[in-house]
Structures are given as C-alpha cells and as structure tokens.
Amino acid sequence: MAPFRFGFNLLDLGARGEFVSRCRRGEDIGYDVALVPDHLGAPAPFPTMVAAAEATERLRVGTFVLNIGFWNPHLLAREVATADMLTGGRVELGLGAGHMKWEFDAAGIPWEPFSARAGRLARTVEELTAIFGGSGYPEGAAVKEHYALADLRPVQRHGFGGHGPPLLIGGTGDGVLSIAARHADIVGIAGAYQAEGEPPGTFRLGTAAQADERVRFVREQAGDRDPELNVLVQTVIVTGDRRAAAEDLATRMPHLTTAEVLDCPFLLIGTVEQIAGQLRERRERYGFSYITVHSPFMETFGPVIEHLKG
C-alpha cells in the first residue's frame with residue numbers, strides 16, 4: 001500500500017514575510033508539497049513555486065493544476081525546466097483541461113468544447129515529452145557559446161518518459177482521466193462536478209459512489225500502470241460531533257444527504273483520530289494516498305498528519 005503524502009493548496013500570498021512563514025510552517029507540520037492553482041486573480045504559479053522552495057528545505061512544489069488553455073507547450077517547457085532547476089528538482093507538474101469559462105473570456109482565449117480541451121491537454125503532454133527528451137532547438141545551436149541555457153532541461157528524470165518532473169493530471173471526465181491513466185505519474189480524482197444544466201463553472205461536490213466509479217475507470221484505463229492517486233479535500237472540520245457537523249454541511253449542500261456528507265471522500269469531519277481513520281479507510285477503498293487540502297485548512301489538518309506519520 002502506498003505511503004501517505006500531504007499537500008496544501010496555496011490560494012493567496014499575503015505579504016512576503018507571511019508567505020515565507022506559511023511555507024515554513026507547512027514544512028514543519030509535515031506537509032510534503034506546496035501546490036499552486038492556476039486561476040486569474042490568484043498568484044502566478046511558477047514564481048510562487050520557486051519562492052516556496054526557496055523558503056523551505058525539503059518541501060516539493062507543484063501546480064494544481066495548470067489550465068492548459070493558457071499555455072503554449074514550448075513556453076511551458078521553459079517555465080517547467082527553469083523552475084525545476086532553480087528548486088533543485090522539487091517540481092511536480094499538474095495539468096488540467098480548464099473549466100472556468102469566465103477566465104477564458106477575460107483572457108481573450110476562445111472557449112472550446114470539453115473534447116477539444118481534452119485533446120489540447122493530450123497534445124501538450126506529447127509535446128512536452130518530445131521537448132524534454134529531444135536534443136534541443138537546432139536554431140539555438142549558433143548561440144550556445146553565448147547563452148549557456150539554450151538547451152535548458154528539467155533536473156528530474158521521472159515523468160514524461162523519464163525526461164522531466166512527475167506529472168499529475170486531474171479531472172472528473174472520461175477524456176481527461178483516460179489521458180491521466182495513460183500518461184500521468186499521479187492522477188487527481190477531482191470532487192467538483194459540473195452541475196447539469198447550469199452555466200460552466202457551476203459545481204456540485206461528488207459522492208462516495210461517484211468517486212468509486214471514477215477510480216474504477218482510471219484503473220481500467222491504466223492497465224498495468226499503477227499511478228499514485230490524489231484527492232483534493234474541500235473542507236476539514238475537527239469536531240467531537242461528526243453528525244452535527246455533517247447535518248450543518250448538508251444544509252449548505254442540499255444535493256447531498258447527511259449520510260452522503262459523512263461518507264464523502266472530499267470532506268473530512270471528526271476528531272483527529274476519526275479523520276486519520278477515514279483516510280486509512282479511503283486509502284484502502286479508493287487508493288487515495290496523496291491528500292491535498294486548501295491552505296485555510298493547513299493548520300487544522302496538521303494534527304492529522306502528525307497522527308498518521310507519528
């Protein structure tokens with residue numbers, strides 16, 4: 001059974017000193033990875049990752065996840081290789097198809113059907129693999145004597161056919177998860193589902209049954225491959241009364257019953273010991289060994305990490 005790993009998802013920066021302190025605190029608590037999403041109005045992923053690595057000693061850093069519609073593969077390869085070099089090989093690259101239409105509109109990028117966005121994701125993975133594993137840009141040969149980084153490459157030799165950092169692909173749909181199952185080192189089973197009949201970006205939290213089905217799909221698509229499975233926990237509530245907390249959440253999530261809230265793998269509710277037990281059970285049930293929480297829950301979740309690692 002895969003050992004647990006823990007990440008926290010940085011949603012904002014704060015002042016520089018506050019950011020540095022938060023990253024160091026995360027490392028001290030026992031987190032393994034500091035992650036950065038890719039949304040307009042949020043921190044730019046790669047500078048934030050480099051700063052988080054610089055502030056800490058062992059913390060790995062990753063994107064969670066890049067909106068592939070925002071990125072040209074060759075320019076993205078440059079960002080990844082630079083960050084991997086500057087962090088001493090601590091980068092994990094997370095990719096996704098993008099799901100917030102308003103962000104595409106604001107950036108002036110055409111909003112495409114899901115199948116087209118999934119196709120773009122697959123092509124990007126293929127192009128990054130070729131770039132990282134290739135012999136460099138022929139046109140750059142003439143300037144190598146003046147520019148030592150003309151053939152900049154990732155430090156790590158793990159993902160992308162053994163030529164780059166570990167690759168995480170996250171999503172909910174068949175298209176993205178089939179790509180993840182075939183190519184990713186880490187598959188993120190997302191818990192937010194597009195609400196049927198609602199505008200793009202309107203989400204509903206998934207149930208345990210939906211997570212079961214998505215994990216089965218990934219396993220079938222992966223064949224002999226055995227990727228690490230990641231889950232993003234949306235809420236962590238440490239309490240001595242699980243049912244009361246679940247009933248309260250159910251009033252705010254009317255599509256879920258109290259029983260479904262208690263069983264939902266994207267929510268953690270209970271005492272520290274109960275939550276640790278839930279994570280062990282869910283690792284057994286789903287294979288979730290890489291657990292990510294949003295940064296507002298970083299401290300709340302800390303004692304659970306200590307309990308599981310201690």
Roughly what angle does helix 272-286 make with the longest principal axis of the chain, taking Cα atoms, 0 to 90 degrees, to the nearest 10? 60 degrees
Specify the inter-centroid distance of the stretch 111-133 and the stretch 247-284, based on alpha-carbon positions, in whole Å. 35 Å
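Report, in deg cm²/dmol and to the nearest 500, the calculated mean residue ellipticity at 222 nm for the chain, where each DSSP H run with n ≥ 4 adds -39500 (n - 2.57) and the sum is divided by the residue count.
Working: 12 runs with 139 residues, N = 310.
After summing the helix terms and dividing by the residues of the chain, the value is -14000 deg cm²/dmol.
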I'd like the antiparallel share, as a percent to the nearest 5, of DSSP beta bridges with both residues in the chain. 10 percent
Given the stretch 23-122 reduced to its alpha-carbon atoms as identical point scatterers, what log10 I(q)/I(0) does the Debye formula return at q = 0.10, 0.13, 0.24 Å⁻¹? -0.30, -0.49, -1.22
Taking HIS163, HIS74 and counting other C-beta atoms within 10 Å, the order from fewest to most: HIS74, HIS163
Nearest 10 degrees is fine. How inclined is helix 242-252 to the longest principal axis of the chain, computing both from alpha carbons? 70 degrees
By count of other Cβ within 10 Å, fewest leading, how are TYR286, TYR31 ordered? TYR286, TYR31
If you fit an axis through the alpha-carbon atoms of helix 174-183 and take the longest principal axis of the Cα set of the chain, what angle between them do you get, 0 to 90°, nearest 10? 60 degrees
Theoretical gain in end-to-end length, MET1 to PHE70 [0.36 nm per residue, Cα-Cα removed]: 21.2 nm
Listed with the fewest Cβ neighbours within 10 Å leading, SER115, SER295, SER178 appear as SER115, SER295, SER178
Averaged across orientations, what area in nm² does the convex hull of the alpha carbons in the chain project? 17.0 nm²
Mean separation of Cα contacts under 8 Å (6+ apart) over length of the stretch 20-59, as relative contact order %: 50 percent
Sorted from largest down, give the three principal axis spans of the alpha carbons of the stretch 226-297, whole angstrom values. 38, 26, 24
Under the definition of Cα pairs under 8 Å and six or more residues apart, what whole-number percent is the relative contact order of the chain? 17 percent
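Only the coordinates and a few stated rules stand behind these numbers; no lab work does. For clarity, every value in this text was computed on a predicted model and none was experimentally measured. Because the Cβ atoms are built from the backbone with ideal geometry, glycine has one as well, and the counts that use them run over all protein chains shown.
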